[in-house]
Each structure stands twice: as structure tokens, then as C-alpha cells.
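Worksheet: one structure, shown below.
The values are calculated or read from the model by the stated rules, or taken from the named source; none is laboratory data. Everything numeric here is computed off the predicted structure, so don't read it as measured data. Cβ atoms come from the backbone with ideal geometry, glycine included; neighbour counts cover every protein chain shown.
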């Protein structure tokens with residue numbers, strides 16, 4: 001039996017990041033005790049015969065872990081960019097994101 005506790009909580013904020021065949025959702029939700037937490041969901045579309053389904057993986061991140069999580073992520077990305085791939089131009093991806101955000105905004109006008 002799956003545990004669905006916490007999946008039905010009120011959503012306060014959501015940010016969607018499209019990344020190829022995957023989509024990431026960063027959501028702020030509230031608890032019954034009026035506290036807040038973050039869920040990070042990876043959603044991947046899978047073809048099943050003539051239809052499709054979504055495979056999802058979710059991380060729950062609580063306030064006492066925010067600082068440690070962000071620091072570890074930043075340290076990991078910095079190590080990859082500075083030590084493992086210093087010659088790679090990561091700035092090219094920043095431009096793609098900016099263009100996508102502009103295009104998304106134009107669609108809603």
C-alpha cells in the first residue's frame with residue numbers, strides 16, 4: 001500500500017522547469033500546522049503502447065534542511081563546472097532559458 005500523506009496539501013507556489021523529456025516542479029506547500037515545505041518532482045513522459053503515462057519521483061524538503069540542501073547543490077554544481085568541466089560554456093544554457101521564458105510570456109499576452 002502506498003503512503004499518500006502530504007500529497008494533498010495546499011500548494012502555495014509552483015515553478016516548472018522543462019528539461020528535454022523531463023519536467024521538474026518546485027512547489028511550496030503548507031502543512032496542517034501552517035508550516036511550509038518544498039517538494040521537488042521529476043516527471044518523465046513514458047509511451048505505453050498507443051498512449052502515454054507519467055513517471056514521477058518526488059523529494060520532500062523541510063525547512064531545517066533548506067540551507068544544507070542548497071549548499072550541497074551549489075557545491076556539487078561548482079565542482080562540476082570548475083573542476084570537471086572548466087572548458088565547457090554553461091552560459092549557452094542560460095540564454096536558452098531566458099528565450100523560453102520570453103516566449104512563454106508572449107504566449108500568455
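Kindly indicate whether residue 36 is touching a helix residue (DSSP H, G or I) at 6+ places or on another chain (Cβ under 8 Å) and either surrounded by fewer than 10 Cβ atoms within 10 Å (Cβ to Cβ) or free of Cβ contacts under 8 Å to residues at least 40 places away in the same chain (or both).
On the way: touching a helix residue (DSSP H, G or I) at 6+ places or on another chain (Cβ under 8 Å): yes; either surrounded by fewer than 10 Cβ atoms within 10 Å (Cβ to Cβ) or free of Cβ contacts under 8 Å to residues at least 40 places away in the same chain (or both): yes.
So residue 36 fits the description; yes.
For residue 60, only one of the following conditions fails: (1) more than 13 Å from the chain's Cα centre (by Cα); (2) in contact (Cβ under 8 Å) with a residue 24 or more places away in the chain. What is its number?
(1)
Search segment 58-99 for residues being within 24 Å of residue 21 (Cα to Cα) and assigned to a loop (DSSP other than H, G, I, E, B), and hand back the single one that is modelled with the lowest pLDDT.
Among them, the one singled out is 90.
Those residues that are part of a strand (DSSP E or B), free of Cβ contacts under 8 Å to residues at least 24 places away in the same chain and either surrounded by fewer than 12 Cβ atoms within 10 Å (Cβ to Cβ) or in contact with a helix residue (DSSP H, G or I) (Cβ under 7 Å, 6 or more places away or on another chain) (or both), I need them from segment 39-57; list them, please.
Listed by number, the residues that qualify are 46, 47, 48, 51, 52, 53, 54, 55, 56, 57.
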